[in-house]
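Here's the structure we're looking at; comments come further down.
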Amino acid sequence: MSIKEKLTGVFAPIVTPFVNQEIDYKKLKENIQKLNNSKLKGYLCLGSNGEFRSLTDEEAIKVIKTVAKSKSKDKTLLAGTGRESAWATIEFTKKVADFGVDFASVLTPHYFASKMTDEALIKFYTEVADKSPIPITIYCIPRSANGVLISPRAISVLAQHHNIVGIKDSSKEDIGNYVNAVPKGAEFYVLSGSINKFLDGLKKGAIGGVLSMANYLPDLCCEIQELFNDGKCEEAEKLSNRLCKINEKVSGNGGVAAVKVAMNFLGYYGMEPRLPLLPLKEDEIEEIKKVLKGEGLLS
């Protein structure tokens with residue numbers, strides 16, 4: 001299967017289920033086994049929804065192993081391996097490369113945000129890609145990365161590296177700027193990082209999305225791309241608008257904790273977040289229940 005084929009479609013950024021603040025690996029396994037029956041292209045573990053910053057390296061490795069062993073063979077696996085230095089990123093990527101991970105997802109370094117110029121980011125990603133045993137994708141999410149935004153100019157350079165194959169764009173920028181920055185002939189692909197820009201991304205040349213909603217409404221997320229591919233643009237627009245409204249009332253308000261609540265209602269194990277993230281209050285949980293019922297998703 002080509003790189004493009006492996007990355008085309010919808011991915012769920014897998015949550016890490018915590019019970020009494022400890023990871024419940026059995027529930028994680030059951031989530032993957034259930035999602036295996038969906039139309040999802042694959043999974044991203046150790047992303048923002050996986051609360052990767054709240055895990056030890058030992059836990060992170062066990063999460064990857066659990067997902068890799070539980071996923072069906074037709075699903076693509078991305079794993080977040082980004083660290084603040086190129087050295088640490090390379091070392092962690094090497095540790096997990098043999099566990100069945102197809103691509104490493106590398107978050108923009110951001111502790112020294114004011115120094116993260118195009119030059120610094122190009123050098124960082126080039127160094128990581130040169131030494132990574134698996135292809136890497138760039139993860140751009142300024143709101144969670146101290147405001148660091150990788151520029152289309154930097155992407156136009158990095159897209160030419162044989163071992164850098166894509167970007168997950170969770171910024172508020174026009175996703176078309178990244179698509180248009182990719183040099184002709186480069187094997188580099190753009191994925192939308194939110195439901196809000198998913199359909200717009202497809203229209204502008206993105207090939208898929210990594211969508212938090214796919215944790216609890218996987219097939220509806222996939223249906224947007226199916227309708228778009230079939231030329232049913234009006235139906236795709238209608239479904240996209242519906243899911244964007246649901247998203248606004250769920251994770252738009254409550255973030256990861258709210259995604260977990262929606263999962264708990266819809267037959268998955270979202271469970272609780274890990275501190276410092278707080279669980280939702282009772283009235284917030286009831287509001288999500290009301291939204292899902294109102295949409296006919298919950299009996």
Legend entry - Total formal charge among the other residues, if their Cβ is under 10 angstrom from that of Leu227, Lys/Arg +1 and Asp/Glu -1: -4
Inset, instruction - Determine the order of Met213, Met116 by accessible area, beginning with the largest, at a probe radius of 1.4 Å. - result: Met116, Met213
Inset, instruction - Provide, for q = 0.17, 0.24 Å⁻¹, the log10 of I(q)/I(0) from a solvent-free Debye sum over equal Cα point scatterers in the stretch 39-128. - result: -0.72, -1.21
Legend entry - Computed label-point distance, nm, for sites Glu235 and Glu5 using a 7 Å Cα→Cβ extension: 2.6 nm
Legend entry - Dipole magnitude of the stretch 109-184, debye to nearest 20 (Cβ charges: Lys/Arg +1, Asp/Glu -1, about Cα centre): 80 debye
Legend entry - Phi to ³J(HN,Hα) by Karplus 6.51 cos²θ - 1.76 cosθ + 1.60 over the stretch 193-200, Hz, x for Gly, Pro: x, 7, 5, 5, 10, 5, 5, 4
Inset, instruction - Treating the Cα atoms of the stretch 201-245 as identical point scatterers in vacuum, please give the log10 of the normalised Debye intensity I(q)/I(0) at q = 0.15 Å⁻¹, two decimals. - result: -0.33
Legend entry - Whole-Hz couplings from phi, Karplus 6.51/-1.76/1.60, listed for the stretch 211-224; x for Gly and Pro: 10, 4, 4, 5, 6, 10, 10, x, 6, 5, 4, 5, 5, 4
Legend entry - Packing rank of 73-79, 11-17, where each peptide gets the mean count of other beta carbons within 10 Å, highest leading: 11-17, 73-79
Inset, instruction - Can you tell me how much longer the chain between Glu91 and Lys115 gets when fully stretched, taken as 0.36 nm per residue apart minus their C-alpha distance, in nm with one decimal? - result: 6.4 nm
Legend entry - Under 5 Å, built H, 5+ apart or other chain: amide partners of Tyr189: Gly166, Ile167
Inset, instruction - Quantify how much of the Cα-Cα distance distribution of the stretch 177-299 extends past 21 Å, in percent. - result: 44 percent
Inset, instruction - Enumerate the calculated ³J(HN,Hα) couplings along the stretch 286-299 in order (Karplus 6.51 cos²θ - 1.76 cosθ + 1.60, θ = phi - 60°), each rounded to whole Hz, writing x wherever the residue is Gly or Pro. - result: 5, 5, 5, 4, 5, 4, 5, 5, x, 8, x, 9, 9, 7
Inset, instruction - Taking the Cα centre of the stretch 147-195 as origin, work out the dipole magnitude from +1 charges on Lys and Arg Cβ and -1 charges on Asp and Glu Cβ, in debye rounded to 20. - result: 60 debye
Inset, instruction - Output the direction-averaged projected area (hull surface divided by four) of the convex hull of the alpha-carbon atoms of the chain, in nm². - result: 14.5 nm²
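The values are calculated or read from the model by the stated rules, or taken from the named source; none is laboratory data. For clarity, every value in this text was computed on a predicted model and none was experimentally measured. Please note: Cβ atoms are built from the backbone with ideal geometry, for glycine as well, and neighbour counts cover all protein chains shown. The protein model used for the area step is the full one, side chains on, heavy atoms only, and it has no ligands, DNA or RNA in it. Shrake-Rupley method; radii C 1.70, N 1.55, O 1.52, S 1.80 Å.
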